[in-house]
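Reviewing the structure listed below.
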Amino acid sequence: MSWPRESNCSDVHLRVPELVRGNLPRLRALRICRLLPPVVGVLTFVTFSPVLWNDFILFDDAQTFLTNPYYRGLGWTQLRWMWTTTHLAMYRPLTWITYAIDYHFWGLNPLGYHLTGLLLHATTAAVFYFVARRLLFFADQERKADPLGLCVSAAAAALLFAIHPLRAEPVAWASARADLLSGLLCVLCILAYLEAAAASDRAALSRKWMTASIGLYLLSLLSKPAALGLPIVLVVLDIYPLNRSSRRIWWEKVPFVVCALVAAPLALLAKAEAGAAVGRSNLIVAFEGPAFYLWKLLVPSGLSQYERPSSLDLTDWRFLIGCIAVPVITLALVGARRRWPAGLAAWVCYLVLLAPTLGVVRYGPQIAADRYTYLPSLSLAMLGGATIYFFWHAWRNGRLNRSTTSLMSALAVAALFTLGILSWRQARVWHDTETFMQHVLETNPNSVVAHNNLGTALAQKGQWGEAIVHFSKALKIEPNDAEVNNNWGVILAHGGELDEATHYFRRAVELAPRHAGFHNNLGKVLVNQGKRNEAVEQFLTALRLDPNLTDAQRNLDAARGSHTEPSAR
């Protein structure tokens, strides 16, 4: 099959005819098409601009930035750590490099980190505009492409993706940089692949774009292995809308598959080293996940931290509906594939891109997370843009009258405006630890993580009474949480109850034996009890687990002979 030449697609706005029934001058249409990509980027930036005043959150941000000296610089020591660490159960060297650059310019000022994240997301939105325009062009095989319609519909798709409230978590949370960086590189990879397909009748140009696509995919995986399913997505795009059927498309995927096969074991190794769990319940939860995220995409309310309950109620009607919805939607779209191939293509891409984050290999307290929709939502946003393009053609061809067209246009604008307002508000939820954790407790009063982090934030401000309330609630809800036991030990040590504090520190060490900080805290309270030999053992264990834990080294020196005695904190 021969492809349209490049001028038919990438520069489609340069050959604008008399549009909209001949009433729109050529120059005006050209200007609109040229302005739309920066408009998409600016609107995205403005929508999430409240994040620029956000602080770091005691929800991975502390371990990522505040207590982590390893990323602070671009010297050989720091780079070696970035390329070898699986800190926080992820292998993401490129993301660490961007953090190092931020630290060089901003130190520990959160403004710079949030600014970088916001710029990454706004850039992704603008790039996705070009991806959407290309896909809409290729899908429009039966009628002559309408350049202005393509541009407007692509902009709508890009905004549906970019200003949706589900984007608030990865944009507003500094520790979620990996989702933004890998997402941008993945979208660039897809754009380069589409360019290669469009230039397939010019071998040299096609190879150039294909090489760029493979390189961008590798960089995306080095930022975060979120797009492991991209080779399957590219095959789906080859089938629809690209309509490619030669053997060449399979050979083209080999480098992408090799990249994914190298990245997948690294991701699993990072989870395994952090003690990730694999179980039958994970598979059951993963089966319901696509329906849960689809509902949040359609009805973005109650967005929060979705904490895994201590026990799963498999008879809950919402869970059962979610499990039933996925196969029902799949079968319905398979049945409608000839009349509506776009629906099945978008659904398959959604499932494939969502699969790595469904929690089959589970790490952390979350059962789901808004940031996991970053890449999967692209395909559903494309359906929104395609819908706009469908009605655009219906209007152009006279199948829709002026009043109906005006009403539908108003509804589309109102929907985007509503999403923008919701995203603005959701971005402000992440302003600081107290604001965010209070928001989490409003949606889930039994959140152990929220009570624990809120208690920590209050204790750091010296509000010990309020901190005790939240720590005690967390301990009552989940007595086997290592972090909660450690923090309760800190509270008791602060109040002088050393014997009780020792009990909870020992329990924390028992639950998380590889946590250097817990051993250090146990050692400190043991020193205050006069048990120096046992304390030295704890400090040595802490330093073996984390040789750069300077507090443990100071405490070890003090326990071995200094007159300065450490205090538990």
Would you call Y389 modelled with pLDDT under 95, in the same structural domain as V235 (by TED's automatic domain parsing), in contact with an Asp or Glu (Cβ under 8 Å, 6 or more places away or on another chain) and over 22 Å from I284 (Cβ atoms)?
-> yes
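Answer yes if at least one residue in region 507-520 is in a helix (DSSP H, G or I) and more than 30 Å from W81 (Cα to Cα), and no otherwise. Spell out the reasoning first.
So the first thing to find is which residues in region 507-520 are in a helix (DSSP H, G or I), and the list is 507-511, 516-520.
In the following step, the residues that additionally are more than 30 Å from W81 (Cα to Cα) were identified as 507.
Looking through region 507-520, at least one residue is in a helix (DSSP H, G or I) and more than 30 Å from W81 (Cα to Cα).
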Within region 453-473, is there a residue that is surrounded by fewer than 19 Cβ atoms within 10 Å (Cβ to Cβ), out of contact with any helix residue (DSSP H, G or I) (no Cβ under 8 Å at 6 or more places or on another chain), hydroxyl-bearing (S, T, Y) and part of a helix (DSSP H, G or I)?
-> no
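Please find, among L150, L115, the residue that is surrounded by fewer than 24 Cβ atoms within 10 Å (Cβ to Cβ) and touching a residue at least 24 places away in the same chain (Cβ under 8 Å).
On the way: L150 fails: surrounded by fewer than 24 Cβ atoms within 10 Å (Cβ to Cβ).
Going through L150, L115 in turn, the sole match is L115.
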Do the conditions hold for A204, that is, is it out of contact with any helix residue (DSSP H, G or I) (no Cβ under 8 Å at 6 or more places or on another chain) and either surrounded by 20 or more Cβ atoms within 10 Å (Cβ to Cβ) or of a type in the set (A, V, I, L, M, F, W, C) (or both)?
-> yes
Out of A414, A427, report the one residue that is of a type outside the set (S, T, Y) and surrounded by fewer than 19 Cβ atoms within 10 Å (Cβ to Cβ).
-> A414
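Give the residue, chosen from R308, R337, R318, that is basic (K, R) and either assigned by TED's automatic domain parsing to the domain that holds P445 or over 30 Å from L261 (Cβ atoms) (or both). Working first, answer last.
On the way: R308 fails: either assigned by TED's automatic domain parsing to the domain that holds P445 or over 30 Å from L261 (Cβ atoms) (or both); R337 fails: either assigned by TED's automatic domain parsing to the domain that holds P445 or over 30 Å from L261 (Cβ atoms) (or both).
So the residue among R308, R337, R318 that is basic (K, R) and either assigned by TED's automatic domain parsing to the domain that holds P445 or over 30 Å from L261 (Cβ atoms) (or both) is R318.
Kindly indicate which of G359, G398 is part of a loop (DSSP other than H, G, I, E, B) and without any contact (Cβ under 8 Å) to a residue 12 or more places away in the chain. First the steps, then the outcome.
Details: G359 fails: without any contact (Cβ under 8 Å) to a residue 12 or more places away in the chain.
Just one listed residue meets the conditions, G398.
Yes or no, residue by residue, for (1) surrounded by fewer than 21 Cβ atoms within 10 Å (Cβ to Cβ); (2) touching a Pro at 6+ places or on another chain (Cβ under 9 Å); (3) on the phi < 0 side of the Ramachandran plot:
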{"position": "G364", "(1), (2), (3)": "yes, no, no"}
{"position": "R371", "(1), (2), (3)": "no, yes, yes"}
{"position": "L375", "(1), (2), (3)": "no, no, yes"}
{"position": "L378", "(1), (2), (3)": "no, no, yes"}
{"position": "M382", "(1), (2), (3)": "no, no, yes"}
{"position": "F390", "(1), (2), (3)": "yes, no, yes"}
{"position": "R396", "(1), (2), (3)": "yes, no, yes"}
{"position": "N401", "(1), (2), (3)": "yes, no, yes"}
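Does E195 qualify as being surrounded by fewer than 23 Cβ atoms within 10 Å (Cβ to Cβ) and modelled with pLDDT of 95 or more?
So E195 passes the test.
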Could you give every pair whose Cβ atoms fall below 9 Å, whose first residue belongs to region 499-527 and is farther than 20 Å from F471 by Cα and touching a residue at least 60 places away in the same chain (Cβ under 8 Å), and whose second residue is basic (K, R) and crowded, with 24+ Cβ neighbours inside 10 Å, counting only separations of at least 6 or pairs across chains?
-> none
Which residue pairs have Cβ atoms closer than 8 Å, lie 6 or more positions apart in sequence or on different chains, and pair a first residue in region 214-235 that is within 17 Å of A355 (Cβ to Cβ) and not assigned by TED's automatic domain parsing to the domain that holds A342 with a second residue that is of a type in the set (S, T, N, Q) and crowded, with 20+ Cβ neighbours inside 10 Å?
-> none
Select, from I468, I421, the only residue that is free of Cβ contacts under 8 Å to residues at least 40 places away in the same chain and within 21 Å of the chain's Cα centre (by Cα).
-> I421
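Tell me which helices (runs of 4 or more DSSP H) are completely within region 215-327 and hold 1 or more residues being under 26 Å from A168 (Cα atoms), or say none if there are none.
Working: elements: 230-239, 248-252, 254-273, 280-298.
Qualifying helices (runs of 4 or more DSSP H): 230-239, 254-273, 280-298.
Results for (1) crowded, with 18+ Cβ neighbours inside 10 Å; (2) touching a strand residue (DSSP E or B) at 6+ places or on another chain (Cβ under 7 Å); (3) of a type in the set (A, V, I, L, M); (4) without any contact (Cβ under 8 Å) to a residue 60 or more places away in the chain, shown as yes or no for each residue.
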site	(1), (2), (3), (4)
L43	yes, no, yes, no
T47	yes, no, no, no
L52	no, no, yes, no
L58	yes, no, yes, no
T64	yes, no, no, no
P69	no, no, no, no
R72	no, no, no, yes
T77	no, no, no, yes
T84	no, no, no, yes
Residue hits (region 416-469; among the acidic types (D, E) and within 28 Å of L297 (Cα to Cα)) are D432, E434, E442
Limited to region 181-213, what total is found for residues that are more than 23 Å from G229 (Cα to Cα) and of a type in the set (D, E)?
-> 1
Qualifying residue in region 170-182 (condition: farther than 25 Å from L242 by Cα and of a type in the set (V, I, T)) | yes
If only one of R92, R133 is farther than 30 Å from R339 by Cβ, of a type in the set (K, R) and in contact with a helix residue (DSSP H, G or I) (Cβ under 8 Å, 6 or more places away or on another chain), which one is it?
-> R92
Grab the helices (runs of 4 or more DSSP H) fully contained in region 74-150, keeping just those with 3 or more residues being within 26 Å of H164 (Cα to Cα) and among the aliphatic types (A, V, I, L, M).
-> 110-139
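Being buried (at least 20 other Cβ atoms within 10 Å of the Cβ) and of a type in the set (F, W, Y) is the requirement here; does F105 meet it? Lay out the reasoning, then the answer.
On the way: buried (at least 20 other Cβ atoms within 10 Å of the Cβ): no; of a type in the set (F, W, Y): yes.
Answer is no for this residue.
Scan region 405-415 and give yes if some residue there is assigned to a helix (DSSP H, G or I), in contact with a His (Cβ under 8 Å, 6 or more places away or on another chain) and modelled with pLDDT of 95 or more, otherwise no.
no
The values are calculated or read from the model by the stated rules, or taken from the named source; none is laboratory data. Quantities reported herein were computed from a predicted structural model and do not represent experimental measurements. So basically every Cβ, Gly included, is an ideal-geometry build from the backbone, and we count neighbours across all protein chains shown.
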